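The values are calculated or read from the model by the stated rules, or taken from the named source; none is laboratory data. What you are looking at is a predicted structure, and each value in this text was computed from that prediction instead of being measured. Every residue, glycine among them, receives a Cβ derived from its backbone with ideal geometry; neighbour counts consider all protein chains shown.
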Amino acid sequence: MNKHIVFAICGCLFFVTGFSQTKNVEELLNEIEQNNTELKGYQTFIESQQLENKSINNLPDPQLSGYYMPFGDNITGDYTEYEISQSFEFPTVYASRNKWNKSKSQQLSSAYSAKRQDVLLQAKGIVLEIAFLQKQKTIETERKIQSKQVFDQIQELFEKEQVGILDLNKSKIAWIQEQFVVKQIESDIQIQMSKLKTLNGGNPIDGISSEIVLPIEIGTFENLWQDKLAKDPQLQELKANEDASLQKIKLEKNKVLPNLALGYNYQGVSGSNYSGIYGGVSIPLWSSKNKVKAAEANYEYQQSNTQVVTTSLYTQFQETYNQYELMLEKFHEYQITMGNLDSEQLLFKAYQLGEYSFMDYYLELQFYRTAKDRKLEMEKELQLLQAQLLKHQL
């Protein structure tokens, strides 16, 4: 019951910007999907592989051979012979190979979906990082202004000889440090924007708001895992590998059937000639040896590999979910403890009224700032963990 209350409260706290903000994130990811160079290249690779797979199922080239024999006794005249023929595998082989090619296409499609989700998850993480940095920049800018006010006030008191040079230097250092922090954050934002531009195929991206947030409610672990089983491309690729290996068994069994050849043959000598249909059978007695057993062994391996990888993914997913729940609980404690109190402003007013010396004010200020920074950091970590848990929905 308490856990549901936590989810409800934090959900309200996080989901403050409405659907439009979430839609903006989706539009941004769609833009990156369209422009990403790696994904474009992989799509081209998939097309080439699919065409190559189809070409494997083509008929062999027709064969034309001929003989002209003018040398020798030639009592009966010159001998002429030519033959045109078309060889092909047993018809069921082509149908079986076509199904195998379709399963191979599904493998490629699942591999692309997995790569696409990796790219979009990376982009989403960068967007969240930029939003966090922008929010942090707003906070640090306010702190810089406040530090400047404190420095100006202490400088005025120093000129009136009411404070010493040490307090003046400390307040100036605090102001300089805040200026550096703001500049460092601006530099970090530019670095992240450059990364996002690279993912977007070199096209710049504008309009990333510091208020981009995600709804905190993600559902129960079991429901989330069942959704992942149905949608996750990595798991779908494992299933596609099984299907392809099963179709390979059926293909190899069909290839045990004899190859066939049909054609036309002409033989002629001294005005006399013979012509008719040519037929041939090629029995794959040696070429198919152990092929079926090898395909069956590969199918068993794919089944075993699916179980191993699925179990490993389940463990990793559960670990991430537990980490998310623990982080959410800690974040809730911060929310309850800190509430809506603006401790920094209260401290600043108390300092202005002379209730704190500069050192006492500065020490108290660092305590509350550290707590506020930690809460903001936890908010970012929660959103990144959530993005990881919901990766299969991208």
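Things worth noting here:
Residue by residue, here is whether (1) surrounded by 16 or more Cβ atoms within 10 Å (Cβ to Cβ); (2) within 30 Å of Tyr351 (Cα to Cα); (3) at pLDDT 90 or above holds:
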{"site": "Ile75", "(1), (2), (3)": "no, no, no"}
{"site": "Tyr79", "(1), (2), (3)": "yes, no, no"}
{"site": "Pro91", "(1), (2), (3)": "no, no, no"}
{"site": "Leu133", "(1), (2), (3)": "yes, yes, yes"}
{"site": "Ser147", "(1), (2), (3)": "yes, yes, no"}
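- Only one entry in Tyr351, Tyr299, Tyr321, Tyr361 is modelled with pLDDT under 80, of a type in the set (Ser, Thr, Tyr) and touching a Leu at 6+ places or on another chain (Cβ under 7 Å), namely Tyr361.
- Some residue of segment 279-286 being at pLDDT below 90, of a type in the set (A, V, I, L, M, F, W, C) and more than 30 Å from Pro91 (Cβ to Cβ): no
- With respect to the conditions (1) modelled with pLDDT of 85 or more; (2) part of a helix (DSSP H, G or I); (3) of a type outside the set (Val, Ile, Thr); (4) over 30 Å from Glu329 (Cα atoms), Glu27 lacks only one, and its number is (1).
- In segment 225-242, the residues that are under 16 Å from Gln318 (Cβ atoms) form Cβ pairs under 9 Å with partners that are buried (at least 17 other Cβ atoms within 10 Å of the Cβ) and among the basic types (Lys, Arg), at six or more places apart or across chains, as follows: Lys228/Lys391; Asp232/Lys391; Leu235/Lys228.
- Verdict on Leu262 being surrounded by fewer than 18 Cβ atoms within 10 Å (Cβ to Cβ), more than 23 Å from the chain's Cα centre (by Cα) and either touching a residue at least 40 places away in the same chain (Cβ under 8 Å) or on the phi > 0 side of the Ramachandran plot (or both): yes
- Within segment 320-350, being in contact (Cβ under 8 Å) with a residue 60 or more places away in the chain and within 19 Å of Glu140 (Cβ to Cβ) holds for Glu344, Phe348.
- Subset of segment 84-94 that is in contact (Cβ under 8 Å) with a residue 40 or more places away in the chain and part of a helix (DSSP H, G or I) - its residue that is farthest from the chain's Cα centre (by Cα): Thr92
- Flag if Ala261 is more than 30 Å from Ile75 (Cα to Cα) and either assigned to a helix (DSSP H, G or I) or aromatic (Phe, Trp, Tyr) (or both): no
- For segment 185-204, filtered to residues that are out of contact with any helix residue (DSSP H, G or I) (no Cβ under 9 Å at 6 or more places or on another chain) and more than 12 Å from Asn36 (Cα to Cα), the residue that is surrounded by the most Cβ atoms within 10 Å (Cβ to Cβ) is Ile191.
- Yes/no for Glu344 being touching a Phe, Trp or Tyr at 6+ places or on another chain (Cβ under 7 Å), surrounded by 15 or more Cβ atoms within 10 Å (Cβ to Cβ) and either among the charged types (D, E, K, R) or modelled with pLDDT under 85 (or both): yes
- Restricted to segment 274-311, and to residues there that are more than 47 Å from the chain's Cα centre (by Cα) and in contact (Cβ under 8 Å) with a residue 24 or more places away in the chain, the residue that is farthest from Thr76 (Cα to Cα) is Ile283.
- Among the conditions (1) crowded, with 16+ Cβ neighbours inside 10 Å; (2) outside any helix (DSSP H, G or I); (3) touching a Leu at 6+ places or on another chain (Cβ under 8 Å), Gln117 misses just one, which is (2).
- Any chance Glu47 is among the acidic types (Asp, Glu), in a helix (DSSP H, G or I) and modelled with pLDDT under 85: no
- Only one entry in Val127, Val93 is more than 30 Å from Lys54 (Cα to Cα), among the hydrophobic types (A, V, I, L, M, F, W, C) and in contact with a helix residue (DSSP H, G or I) (Cβ under 8 Å, 6 or more places away or on another chain), namely Val127.
- Test: residue in segment 281-292 that is of a type in the set (A, V, I, L, M, F, W, C), surrounded by 15 or more Cβ atoms within 10 Å (Cβ to Cβ), in contact with a strand residue (DSSP E or B) (Cβ under 9 Å, 6 or more places away or on another chain) and in a strand (DSSP E or B): no
- Given (1) surrounded by fewer than 17 Cβ atoms within 10 Å (Cβ to Cβ); (2) touching a residue at least 12 places away in the same chain (Cβ under 8 Å), number of the condition Glu355 does not satisfy: (2)
- Of all residues in segment 225-253, those being surrounded by 19 or more Cβ atoms within 10 Å (Cβ to Cβ) and farther than 21 Å from Asn305 by Cα number 2.
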